[in-house]
Amino acid sequence: GLERGAKNQFSAFSNFITTINQKKEGIGNRNSPTQLVIPNIKNVRDLPPICLDVRQKQRVSIDTLPQELKAPVPPEPSLPIQTKTVKDFQDDVEKAKSSGDWKAVHDFYSTTFDSFLEINAAFKKDTNSPFNTIEDSGINAKFVNVVYDALLNTPQDVQKSVLKGIINGLLQEWKGPRTKDDLRAYCILLQNPQFSNTSTYVIYAHLLRQIAALTEADHHFLVHWSKKISQRRFKQLVDRLLQFISLRLFPAKPEEFPPMVKCTWWIPSATKVLALFNAANSLISPPIISYMDFYNSTLDHIDLMEEYHNWQCYGNSHRFSFCQYPFIISIVAKKVIIQRDSEQQMISIARQSLVDKVSRRQKPDMNMLFLNVKVRRMHLVSDSLDELARKRADLKKKLKVTFVGEAGLDMGGLTKEWFLLLIRQIFHPDYGESSYISFKCDNYSEFRLVGALMGLAVYNSITLDIRFPPCCYKKLLSPPIVPCDHNTLVGICDVTLDDLFQIMPELAHGLSELLSHEGNVEEDFYSTFQVFQEEFGVIKSYNLKPNGDKIPVTNQNRKEYVQLYVDFLLNKSIYKQFAAFYYGFHSVCASYALLLLRPEEVEILVCGSPELDMSALQRSTQYEGYQKTDPTIRYFWDVVLGFSLELQKKLLHFATGSDRVPVGGMADLNFKISKSETSTNWLPVAHTCFNQLCLPPYKNKKELKQKLIIGISNAEGFGLE
């Protein structure tokens, strides 16, 4: 490996170090800050591998390790003496800027980064303390930040001396396990801003490789230390790793890097290190940065299905796939994977139906290739649930909807209309029917059918106007794949008081008051580990733990009481109902692609975004028969941008069949405005299958606004021209 190789194995790298050491044209270059340039980087020979494989399992299992690891800790070697303080260093930099003499600064950088021991001597808060816990890295973060902030403004030879020292550290021959001082050095080196420059990527890659190859116990420390980094610098570290991956995939100047065949380990190593930062981010509530900040949109442009199939075939084995690290894949890319996976399942199911029909010597029928749902508008909910119950075997076929008594043909628009109206009536009683969803209801078949309806929406790429609490999506992914053993519990997840606030805010507030109460909880609240719940007019009691009715809630056990109560409300008390909902959803939307999703991403796939950006829609709209500068089009956008949110939603529903914004934003609608060669007395017409609005050439803004409002406000029903 890199650290164990003999010296004669690194002749090319030694030449590289020699090049770095050479001074350019005497002292003139030494005294002026210049852009860092490392010559001949592409000629550096690829170093031997550290180990056979650094592409390990999908998720870093941080929580499985104890707080204090019991593995023997190797003794820390004695550190060199380094007495320079932050103030001393800042004074040296200011003197160098004013005098042009950078010797003191150069000496500090070249000494500090010459080895891992020197790095610790400079940046360890107390060289005499071991700092062997996950709670405190022992790194003087302020000093590290000051030194790195000044580095890019120093002369070129100072910057080169730092890189030379890092190379020396990476070439060190390691004996035995890494010490905590080694881990500290890795943590500090990762923050070096020089690694944003592509000319340093060979060195950066080898640093990442060594970190990726550390033991899981060492990763445990790095993860916990990383969560202490400030938000701004944490984001910079993540962005630097994402940029490294992007530029290795699609280099602007391929000649800057070694050939891809010689550095296939670059991207797996960087992704593994990025996984450590993702794990650190997940340990804190709220997280340091958004989970979306780990998305790499460059991956939207690679062959995602090849990645997905590699992952399906090889799992988390030696063959690398980005799907092993789903946090890096954007929701747009995940939607593409799920869509294509669904399409392949639809084709497979339809083909099997055709084969079965032919094998029985029966005449094939086009309708057998689809899930055909026929409903009456006046009996929408009951007809829909009956159809889904009767055609459970066809749920994974492509959906086609027919409204009885209407001439519309379903090219996608009727399906969107059916979902929109059905969800409104099931989940929103204000629309005419009583709500069908109440987790106190014991009609499990209806829960299964409503789950199937939601699965159908994801399977057919339809966004729904529903508002489930966030914990619902956590429960839907618990587990993401239906277990083979039907005795395995499903829909059970870790829930918190924050989850309860989303559903029962008053009760959650009361429990929060209990936790913060400063008096005697037992005397003031007089509660036990027994709770009461009304079910169909009958009050029932439940013990949160054995003999709970005899266990008082005290200051010492109140946290346990709250956790058990929340778990009872959100898991145990509704288990049968939610399990039916879970099985209904997964009966349609059964895909290994669900393993890639976070609960928040499932919500986005199901619901889309309620945020309407009509300016974004205007920028992405295509025109047929009109130019965007035509008076009618200018009138249209003046009117629409001035609409209330309610009217904007009606317009979106009128033109597309849904008032929700898809995952990719307004641009994904492919919205088109076509010129209608009809009288201006006519109202606008929409082709929801194609997200197309047909607009007559109205003479003025007032007429256009009047006709448009009438059209979008009376938009239910379909016909054929």
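Where a number appears in this text, it was derived from the coordinates with a stated rule and is not lab data. Just so we're clear, the structure is a prediction, and the values are computed from it rather than from any experiment. Please note: Cβ atoms are built from the backbone with ideal geometry, for glycine as well, and neighbour counts cover all protein chains shown.
Figures for the structure shown
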quantity	calculated
5 Å binning of all Cα-Cα separations within segment 108-228, expressed as whole percents from 0 upward	2, 11, 23, 25, 22, 12, 5, 1
Built amide H within the under 5 Å cut-off of VAL685, gap 5+	CYS694
Positive-end extreme of charge dipole, segment 282-389 - chosen from TYR308, PHE320, SER282 (charges on Cβ)	TYR308
Backbone HN-Hα couplings from phi across segment 205-219 [Karplus 6.51/-1.76/1.60, Hz, Gly and Pro as x]	4, 6, 5, 4, 5, 5, 5, 4, 8, 5, 6, 5, 5, 5, 4
Hull volume in cubic angstrom per residue (convex hull over the Cα atoms of segment 440-536)	161
All aspartates and glutamates inside 16 Å of LYS475 as judged from Cα atoms, apart from same-chain residues fewer than 8 positions distant	ASP494, ASP498, ASP499, ASP567, GLU600, GLU601, GLU603
Over segment 445-593, relative contact order from alpha-carbon pairs under 8 Å, at least 6 apart, %	42
Cα-derived Rg to Rh of segment 336-470, Kirkwood definition	0.99
Measure of compaction for segment 228-377 (Cα Rg per 2.2 N^0.38 Å)	1.47
Burial order of peptide ranges 359-371, 565-577 (average beta-carbon count within 10 Å, highest first)	565-577, 359-371
For LYS398, residues with placed amide H under 5 Å, excluding near neighbours	LEU371
Rounded to the nearest 20 debye, dipole of segment 342-424 from Cβ charges on Lys, Arg, Asp, Glu	280
Dipole magnitude of segment 614-714, debye to nearest 20 (Cβ charges: Lys/Arg +1, Asp/Glu -1, about Cα centre)	220
Amide proton proximity set for SER609, modelled H, under 5 Å, gap of 5+	VAL661
Selection from GLY100, PRO193, LEU171, by position along the positive dipole direction of segment 75-231 (Cβ)	PRO193
Phi to ³J(HN,Hα) by Karplus 6.51 cos²θ - 1.76 cosθ + 1.60 over segment 468-485, Hz, x for Gly, Pro	7, x, x, 5, 4, 6, 4, 5, 5, 9, 10, x, x, 10, 4, x, 5, 7
Virtual paramagnetic centre 7 Å along Cα→Cβ of ASN670, amide N under 20 Å, in segment 607-634	608-609, 616-626
Spread of Cα-to-Cα distances over 10 Å intervals beginning at zero, given as percent, for segment 86-294	8, 33, 38, 19, 3
In Hz, Karplus ³J(HN,Hα) per residue of segment 529-542 (6.51, -1.76, 1.60; θ = phi - 60°; x = Gly, Pro)	7, 10, 10, 10, 9, 8, 10, 6, x, 10, 7, 10, 10, 9
Solvent-free Debye scattering, log10 I(q)/I(0), computed from the Cα coordinates of segment 614-714 at q = 0.20, 0.23 Å⁻¹	-1.01, -1.41
All Cα pairs of segment 497-595, percent lying beyond 24 Å	35
Leading residue at positive end of dipole, segment 468-534 (Cβ point charges), from GLN533, CYS484, PRO470	CYS484
